[in-house]
Amino acid sequence: MTHVTEDDLDDLEFDTLRTGDHISAARRLSELAEAVSGGVSRANVLLRAGEQWQHAGDHARAAELYRRALEDGGEVYGDPRAYLADALFELGRGDEARALVEQIRADKPRDPEVYRAVAEVLYAQGDASGAHEWATSGADVVLALRDHAGVGGPDEPRSLATGSLAPAPDDAALAEDSLEALLRLRYRARIDLGRAEDDYDALLDDLLKNDA
């Protein structure tokens, strides 16, 4: 058995970015998944292995690893179903992919990165409307976490789009890191859809000015 840490996985992926050898990385990660005994979950390693297979263009193997990560049930980043949906779209299995997207929607995830991942998948498939919807929902999650201190009450913040009550926060600081990416993707989708700028776009402008 092998003790594997997040740093080990990050180092392997960093080396792969340098070499471009995604197949070797995928094989190494697949081997580690069978031997991991602490530090990170087996599901986490399987998910990373699937990503490397997908980068290598082997979407069938990627889908297999994503399914195994789901079946394992261990702790992972994001939602493996979003990655699996991406692989299934690439395999021409759009109905299965969209069914997974609907499953994720029904679960109402609290992690804005899940919304970003789904929005990116849909945008890559030419579904600007779906990408816009998911990016907006993800931004609303972040805005709710930003404004809501975790105490319910009559003064709970409401989303810009719907006015619905915002969810209680889990980790506002971490979620904040996702906001710019969500708003950028949302803006691209709005351009494709021919929509005028709105309050979310103004928020993106503010974020970009602060980064400058």
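The values are calculated or read from the model by the stated rules, or taken from the named source; none is laboratory data. In this text, all values refer to a predicted model and were calculated from it rather than measured experimentally. Virtual Cβ from ideal backbone geometry, glycine too; neighbours counted across all protein chains shown. Surface accessibility is based on the protein's heavy atoms, side chains included, excluding ligands, DNA and RNA. Shrake-Rupley method; radii C 1.70, N 1.55, O 1.52, S 1.80 Å.
Collect the residues in the stretch 196-212 that are surrounded by 14 or more Cβ atoms within 10 Å (Cβ to Cβ) and not in a helix (DSSP H, G or I), keeping them in residue-number order.
The one that is surrounded by 14 or more Cβ atoms within 10 Å (Cβ to Cβ) and not in a helix (DSSP H, G or I): 198.
Among the residues of the stretch 117-163, write down those that are aliphatic (A, V, I, L, M), open to solvent by 50 Å² or more (accessible area, probe 1.4 Å) and modelled with pLDDT of 95 or more.
Scanning the stretch 117-163 gives a single hit, 124.
Within the stretch 18-40, can you find the residues that are within 15 Å of residue 51 (Cα to Cα) and outside any helix (DSSP H, G or I)?
Result: 20, 21.
Looking at (1) open to solvent by 40 Å² or more (accessible area, probe 1.4 Å); (2) in contact with a Pro (Cβ under 8 Å, 6 or more places away or on another chain); (3) of a type in the set (A, V, I, L, M, F, W, C), can you tell me which one residue 43 breaks?
Among (1) open to solvent by 40 Å² or more (accessible area, probe 1.4 Å); (2) in contact with a Pro (Cβ under 8 Å, 6 or more places away or on another chain); (3) of a type in the set (A, V, I, L, M, F, W, C), the lone unmet condition for residue 43 is (1).
I'd like the full set of residues that are of a type outside the set (D, E, K, R) and closer than 15 Å to residue 82 by Cα, limited to the stretch 14-48.
43, 44, 46, 47
Residue pairs, Cβ under 6 Å, 6 or more apart or interchain, first in the stretch 30-45 and within 23 Å of residue 58 (Cα to Cα), second among the basic types (Lys, Arg). List them.
Every condition considered, the pairs that remain are 33/42.
Could you list, in sequence order, the residues of the stretch 35-78 that are touching a Ser or Thr at 6+ places or on another chain (Cβ under 9 Å) and of a type in the set (Phe, Trp, Tyr)?
53
Please work out which one of (1) in contact (Cβ under 8 Å) with a residue 24 or more places away in the chain; (2) surrounded by fewer than 16 Cβ atoms within 10 Å (Cβ to Cβ); (3) under 18 Å from the mean Cα position of the chain (by Cα) is the condition residue 50 fails and give its number.
Answer for residue 50: the failing condition is (2).
Has the stretch 97-106 got at least one residue that is among the acidic types (Asp, Glu) and either open to solvent by 50 Å² or more (accessible area, probe 1.4 Å) or closer than 21 Å to residue 186 by Cβ (or both)?
Taking every residue of the stretch 97-106 in turn, at least one turns out to be among the acidic types (Asp, Glu) and either open to solvent by 50 Å² or more (accessible area, probe 1.4 Å) or closer than 21 Å to residue 186 by Cβ (or both).
Does residue 56 satisfy being over 18 Å from the mean Cα position of the chain (by Cα) and either loosely packed, with under 15 Cβ neighbours inside 10 Å or farther than 20 Å from residue 87 by Cβ (or both)?
No, not satisfied.
Here are some conditions: (1) open to solvent by less than 50 Å² (accessible area, probe 1.4 Å); (2) part of a loop (DSSP other than H, G, I, E, B); (3) within 19 Å of residue 56 (Cβ to Cβ). Residue 92 meets all but one. Which one does it not meet?
All conditions are met except number (1).
Yes or no: residue 99 more than 30 Å from residue 3 (Cβ to Cβ) and not charged (D, E, K, R)?
Judged against the criteria, residue 99 is a match.
Just checking, which of 15, 8 is assigned to a helix (DSSP H, G or I), open to solvent by 60 Å² or more (accessible area, probe 1.4 Å) and touching a residue at least 24 places away in the same chain (Cβ under 8 Å)?
Criteria check complete, one pass: 8.
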